[in-house]
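Just so it is clear, none of the values below were taken in a lab; they were calculated from the coordinates. Treat the numbers as computed from the prediction; the structure is a model and nothing was measured. Reconstructed Cβ throughout: ideal geometry from the backbone, glycine too, with neighbour counts over all protein chains shown.
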Amino acid sequence: MLRVITSLSDIKQSIKIFKGNQVSIGFVPTMGALHEGHLSLVRQAKTENDRVVVSIFVNPLQFGKNEDFTQYPRTFDSDCELLSKEGVDIVFNPKAPEMYPDGFCTSVLLERLEDKLCGKSRPGHFRGVAVVVLKLFNLINPDIAYFGQKDFQQTVIMRRMVADLNLGVNIKVLPTIREIGGLALSSRNAYLGETEKKDAICLYKSLIKAQTMVNSGTKNFGEIKAEMEKIINNCKSAKIDYISIVNPETLEAVPEVHNGDVAALAVRIGKTRLIDNIILIFFIAIMFLSSYS
Ligand code: PAF
């Protein structure tokens, strides 16, 4: 049965009991407003662990002053219903004053990773993410933590933080779940009107264009970006924040694409900022792999 835990002492106590019984813990950190993307992580966690803990916490530290902290969708009761159906053991729903009591001033800075891509237009965002996830890891002590590829930069930062700080948590990144048409599932899709939702497909279309160009031998970032821009600029409600192709570990922009580099973008559709990405695979590499599979 699903247990909802809100206090830090209660979660520590429950985790102590799990650890005492030597059960493995899978952890899915979320901000709620759950969709199939989150549920795919939960399902994977269920298959790989004895117990599954999901956190639901809209983390104030990762929102900038003029961002959507107050509007962010909060659907706690329906989230719990979904998680209960999935057989989740614990929903951890801490309160901000207990997570960040008066005097809280610790930050986690991932130099060279946090200020790239989304970090440029969301200064401080990834510090907020790193702090909360580090706190959650300390409280929940998971064996495996699950993240979605849609938040690509976040996954890179999580892997780096775990390695740098010897946290001993296995980070698993699962594929982006998309609507028919390609729009990546996101809690923020709830902000989109009907026409905006149709327009938002341009993100995915531009990523597919990038992969198609790579398939036909184009490696130059400038050429690929120009084609991606054309697709997005064709949508009236779309305004590009960034389009980049980066090394998947360092997040350094690459002038020429290598196999496994990631094309990432952020685009405003009306007032809603959406992100998406694709791992660029060389056609030749696919052929090579399939001939050995
Ligand atoms: O991806 C999210 O929903 C959040 O950034 C996370 C990892 C739950 C931290 O608040």
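For region 1-153, what number results from the quotient of the Cα radius of gyration and 2.2 N^0.38 Å?
1.04
For D276, which sequence-distant residues (separation of 5 or more, or a different chain) have an amide H within less than 5 Å of its own amide H, given hydrogens modelled in the peptide plane?
L265
Helix 221-233 versus the longest principal axis of the chain: what angle, 0 to 90°, nearest 10, using Cα atoms?
80
Does anyone have the angle between helix 152-164 and the longest principal axis of the chain? Alpha-carbon axes, 0 to 90°, nearest 10?
It is inclined by approximately 50 degrees.
Could you state the angle between the C-alpha long axis of helix 36-48 and the longest principal axis of the C-alpha atoms of the chain, as a value from 0 to 90 degrees rounded to the nearest 10?
60
Which of V23, V54, S84 sits farthest toward the positive end of the charge dipole of region 1-90, with +1 on the Cβ of Lys and Arg and -1 on the Cβ of Asp and Glu?
My answer, from the dipole projection, is V23.
Take the Cα atoms of region 76-174, build their convex hull, and give its volume per residue in Å³.
For region 76-174, the hull spanned by Cα atoms encloses 130 Å³ per residue.
Would you mind working out the magnitude of the charge dipole of region 34-93 relative to its Cα centre, with +1 at each Lys and Arg C-beta and -1 at each Asp and Glu C-beta, to the nearest 20 Debye?
80
Which trypsin sites (Lys or Arg not before Pro) in region 196-258 sit in a loop by DSSP (not H, G, I, E or B) and have at most 14 other Cβ atoms within 10 Å of their own Cβ?
Hits after loop and neighbour filter: K236.
Which of V129, I171, F282 sits farthest toward the positive end of the charge dipole of the chain, with +1 on the Cβ of Lys and Arg and -1 on the Cβ of Asp and Glu?
V129
Given springs between every Cα pair under 10 Å in a Gaussian network model of the chain, which of S121, S216, S186 has the largest fluctuation?
The residue that fluctuates most here is S216.
Explain nothing, just compute: Karplus ³J(HN,Hα) = 6.51 cos²θ - 1.76 cosθ + 1.60, θ = phi - 60°, for every residue of region 206-214 in order, whole Hz, x for Gly and Pro.
Rounded to whole hertz, the list is 5, 5, 5, 4, 4, 5, 5, 5, 4.
Per residue of the chain, what 222 nm ellipticity follows from adding -39500 (n - 2.57) for every DSSP H run with n ≥ 4, rounded to the nearest 500?
It comes out at -12000 deg cm²/dmol, rounded to the nearest 500.
DSSP beta bridges in the chain, what fraction antiparallel, as a percent rounded to 5?
Among the beta bridges of the chain, antiparallel pairing accounts for roughly 50 percent.
Would you mind getting me the FRET efficiency between K19 and T47? Use the beta-carbon distance for r and R0 = 25 Å, nearest 0.05.
About 0.75, to the nearest 0.05.
Over the chain, what number does the Rg to Rh ratio reach, with both radii from the alpha-carbon atoms and Rh per Kirkwood?
My calculation puts Rg/Rh at 0.97.
In debye, nearest 20, what is the charge dipole magnitude of region 64-144 about its Cα centre with +1 on Lys and Arg Cβ and -1 on Asp and Glu Cβ, if you could check?
Value, rounded to 20: 420 debye.
Using Cβ contacts closer than 10 Å as the measure, can you line up V52, V23 from fewest to most?
V23, V52
List the relative contact order of the chain as a percent without decimals, with contacts defined as Cα pairs under 8 Å and 6+ residues apart.
16
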